[in-house]
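Notes follow the structure.
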Amino acid sequence: MPYQAKNIVVGCGQYLFKDDGFGPFIIKALNDYFEDKEMPEDTMFIDAGNSAPFHLFSLPQEIWEKIIVVDIVLFDGEPGELKVFSPYDMPAGMFECAHTYTVEEPLIELAEDGYDVKIIGCKPGEISTPDVEVGLSEPVLNAVPKAIDMIFKELGYETDDVVTLKNYDI
């Protein structure tokens, strides 16, 4: 398995359904940001799409220490609002993959096995399912720099850069 790093940042979601693409969008933004900079030590950024619960989180690696999941989360708040959740804070049964495996189940198992699991959740503004609509709504797009700052903080990565949408090509 290619995910051999102590810290993994996993973007979950589907680009094709508006704000559901928030997680993968963040991963692309992080990869673009670090294109000409040194990546945080022993860290990988993974665009897991919709397959993370079944194909990634169910196959943990011993080297993993910190798992940061970036996804949309339905919670009381305004569109674009960000919040850090533990796996135990996730709304139970809210998000399922095609095989009815909920997102929180494997994250709770990982936490119980000693992994440091955090979810950076963004309140979506629009999810276009079943209609295909690529691109984030304005409030979710505006949350991208703050989400990246939150990821940096969780990783202990320090930079003097002010992360803005202009720092990388989206």
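The values are calculated or read from the model by the stated rules, or taken from the named source; none is laboratory data. All figures in this text were calculated on a predicted structure; none of them were measured in a lab. Here the Cβ positions follow ideal geometry from the backbone for every residue, glycine too, while neighbour counts run over all protein chains shown. The area values use the complete protein model at the heavy-atom level, side chains included, leaving out ligands, DNA and RNA. Shrake-Rupley method; radii C 1.70, N 1.55, O 1.52, S 1.80 Å.
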Checking residue 14 against (1) under 22 Å from residue 106 (Cβ atoms); (2) open to solvent by 10 Å² or more (accessible area, probe 1.4 Å); (3) in contact with a strand residue (DSSP E or B) (Cβ under 6 Å, 6 or more places away or on another chain): exactly one of these is not met. Which one?
(3)
Please go through the stretch 1-35 and pick out each residue that is under 24 Å from residue 138 (Cβ atoms) and of a type in the set (S, T, N, Q).
14, 31
Note: among 121, 125, just one is among the small types (Gly, Ala, Ser) and open to solvent by 10 Å² or more (accessible area, probe 1.4 Å), namely 125
Is there any pair linking a residue in the stretch 65-80 that is closer than 9 Å to residue 120 by Cβ and open to solvent by 10 Å² or more (accessible area, probe 1.4 Å) to one that is assigned to a loop (DSSP other than H, G, I, E, B) and of a type outside the set (A, V, I, L, M, F, W, C), with Cβ under 8 Å and at least six apart or on different chains, and which?
71/13
Yes or no: the stretch 82-90 includes at least one residue that is at pLDDT below 90, crowded, with 21+ Cβ neighbours inside 10 Å and of a type in the set (A, V, I, L, M).
yes
